[in-house]
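See structure below.
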Amino acid sequence: MVGYTKMEYNMTQHSIKYLASFALLVSCFSFGIKAQNNTDTSNQLSNKEKQIIAIAAHAAQGNIPKLHTALNNGLDAGLSIGEEKEMLIQLYAYTGFPRSLNALTELMAVLAKRKNAEIKDATGETSSPFPSNKTLLQIGTDNQAQLTGRKIGGGVYEFAPVMDQYLKEHLFGAIFGRDILDWKTREMVTIAALSSMEGVEPQLRSHFGVGMHNGLTQDQLSELVTIIEKEVDTKRGEIARQILQSVIDQKPYKADVIPYEPIFEMGQKTSNDNFTGTIYHEPLIKADTANQVSIGNVTFEPGARTNWHYHPGGQVLLVTNGKGRYQELGQAVREIQKGDVIKCEPNIPHWHGAAPNTAMTHIAIGMNQHKGAVVWLLPVTDTEYNAIQER
Ligand code: MN
């Protein structure tokens, strides 16, 4: 078609891609554990380690009653007060101050109860002093390189250099420089927390890799994921398992195409020039002279979307599963999800598709078919697709 240029499509797109980059940055930085401290050759998690994972996961989810139990179990398993405190402090870099502070407050409550019950818990070691001849920035820079096995820079670190500085000085220096927990343990804490959180899949993926680099075995990570699945959050655990598998297989991570029991047939797998990525289409009702409406069931794989297009007779979309994105020309990109109803006015260019890591299914109702078939326009670029702030 037909009068619209690519420039016009872009007209109101103001990129929020930087936000996504910020999120990535936290992850890239947070890998970590001192490999040299890894003296445990057993391929199974110890009871202490299982409790560490439960504590980190419940703290990350903000599930205080379950955290209470996990903190108790951890102390019973022989974790010191200082070790539990240290992992909750570390978590603030991944979960934010509110979750971390709530978790520390809960630890205080747990300890008060145990004191009343005359249970004696080990206080634990204090951190060794930091080298006096090095700045925190130097310590953190060294730790980061050792932990990740590579130099990290460019991209978002160039865009926001102060974040690079904070991560080195603070996360890798001030936090990872404290030897109350070794790096393998710290990495377990981080992986358990990220496995329990939504929307940090790229970070989780990085940390699985760095965890292995620092001595966590595939079996141990699989056991960690099982704890998440069984004790914390089944859905998050399933996603974490897919991500772990993608790291083991050295393949890019894609969420399940069919993460649910479909209502209608998925239909035929389709990929052609009118779409980016792969979709499935099942025609349900064909328009005829008595009924000028056509209805189809469409499923988009994660990241897949239509080209820009418009419908001379208009269209209604009923989202039946997953999460996706929708945009009309000149409007912001919207996140859409199961239960949403979208009315596409006649002749207004728009696109629809899945979210980056989640498939989306909608029933597409083509109205007033006698006014003409869909008119396909340009593909939706990655920049256009990503110009969204997740809600
Ligand atoms: Mn449409």
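In segment 69-89, the residues that are of a type in the set (Val, Ile, Thr) form Cβ pairs under 7 Å with partners that are open to solvent by less than 30 Å² (accessible area, probe 1.4 Å), at six or more places apart or across chains, as follows: ILE89/SER100.
Of note, LEU378 does not satisfy the criterion of being within 12 Å of the ligand (Cβ to nearest atom), aliphatic (A, V, I, L, M) and either on the phi > 0 side of the Ramachandran plot or modelled with pLDDT of 95 or more (or both). Scanning segment 304-328 for residues that are part of a loop (DSSP other than H, G, I, E, B) and among the small types (Gly, Ala, Ser) returns ALA304, GLY313, GLY314.
Considering only segment 279-298, I want to know if a residue exists there that is within 16 Å of the ligand (Cβ to nearest atom) and more than 19 Å from ILE365 (Cβ to Cβ). No: segment 279-298 contains no residue that is within 16 Å of the ligand (Cβ to nearest atom) and more than 19 Å from ILE365 (Cβ to Cβ). Considering the conditions (1) hydrophobic (A, V, I, L, M, F, W, C); (2) more than 11 Å from the ligand (Cβ to nearest atom); (3) in contact with a strand residue (DSSP E or B) (Cβ under 7 Å, 6 or more places away or on another chain), ALA332 is excluded by exactly one of them, (3).
The number of residues in segment 282-303 being open to solvent by less than 20 Å² (accessible area, probe 1.4 Å) and either at pLDDT 95 or above or assigned to a strand (DSSP E or B) (or both) comes to 5. For segment 316-325, taking the residues that are surrounded by fewer than 23 Cβ atoms within 10 Å (Cβ to Cβ) and not aliphatic (A, V, I, L, M), the one that is nearest to the ligand (Cβ to nearest atom) is identified as THR320. Residues of segment 142-155 that are farther than 20 Å from PHE176 by Cβ and either touching a residue at least 60 places away in the same chain (Cβ under 8 Å) or assigned by TED's automatic domain parsing to the domain that holds GLY209 (or both): GLY155 alone. Selection of segment 211-234 for residues being in a helix (DSSP H, G or I) and either modelled with pLDDT under 90 or among the polar types (S, T, N, Q) (or both) yields HIS213, GLN218, GLN220, SER222, THR226, THR234.
Summed over segment 329-351, residues that are surrounded by fewer than 19 Cβ atoms within 10 Å (Cβ to Cβ), part of a loop (DSSP other than H, G, I, E, B) and either touching a residue at least 24 places away in the same chain (Cβ under 8 Å) or of a type outside the set (Gly, Ala, Ser) (or both) total 10.
Is it the case that ALA373 is surrounded by fewer than 17 Cβ atoms within 10 Å (Cβ to Cβ) and either farther than 30 Å from ILE243 by Cα or within 13 Å of the ligand (Cβ to nearest atom) (or both)? When the stated conditions are applied, ALA373 passes them.
The values are calculated or read from the model by the stated rules, or taken from the named source; none is laboratory data. Computed from a predicted model, the values in this text were never measured in an experiment. Glycine gets a Cβ as well: all are built from the backbone with ideal geometry, and neighbour counts include every protein chain shown. Note: areas computed on protein heavy atoms with side chains; ligands, DNA, RNA excluded. Shrake-Rupley method; radii C 1.70, N 1.55, O 1.52, S 1.80 Å.
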